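See structure below.
Read-outs throughout are calculated quantities, based only on the coordinates presented, and are distinct from any laboratory measurement. No experiment lies behind these values; they were computed from the predicted model shown. Methodologically, a virtual Cβ is constructed for each residue, glycine included, from the backbone with ideal geometry; neighbour enumeration extends over all protein chains shown.
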């Protein structure tokens, strides 16, 4: 896992490397307006800025504790254009989750069977991002979402975690791979 040049957007109070471990702060999130009129942009994103096409894949485990605890990958152009995808707790279950924001946040979930490790992949091709997932060593082949994403705009791309309603939780990122595509 080569994270040379990566920096934090909203660095958490506690984190470490080898393995990359993020302690999401309480009341942290990325969310914009939908359903409650609230804008929150204090979630934790550790990444690097890129233009063009790329794929980011992360395999991780989490000690999820509260409703909406979530971790995975993030792609952020600006405060109104971003995607986060990974695992989120909803109604007491860990589920595959994607939030696509273009002014307003649009959230979707997919039920998965029980798992220990989760792998999420986000591939930017032109004006679209393809989000796929796999569990417990499976390749991320299950399509979760295909969404518009502003083409040719620089985006901060990396791993993310947030705990909107909980007291925080810990995520370990076991593998992270970021590949610039031709």
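If you find the alpha carbon centre of the stretch 103-171 and of the stretch 78-101, how far apart are they in angstrom?
Measuring centre to centre over Cα atoms gives 7 Å.
Counting other C-beta atoms within 10 Å, which of 23, 70 has the fewest, and how do the rest follow?
23, 70
Could you work out which residue, out of 169, 118, 90, moves most in a Gaussian network model of the chain, that is, has the largest mean-square fluctuation with Cα springs under 10 Å?
90
Picking from 84, 125, 156, which is most flexible by a Gaussian network model of the chain using Cα springs under 10 Å?
Per the Cα network of the chain with a 10 Å cutoff, 125 tops the list.
Place a point 7 Å from the Cα of residue 148 along the Cα-to-Cβ direction; which residues of the stretch 97-118 have their backbone N under 12 Å from it?
Flagged as within label range: 101-104.
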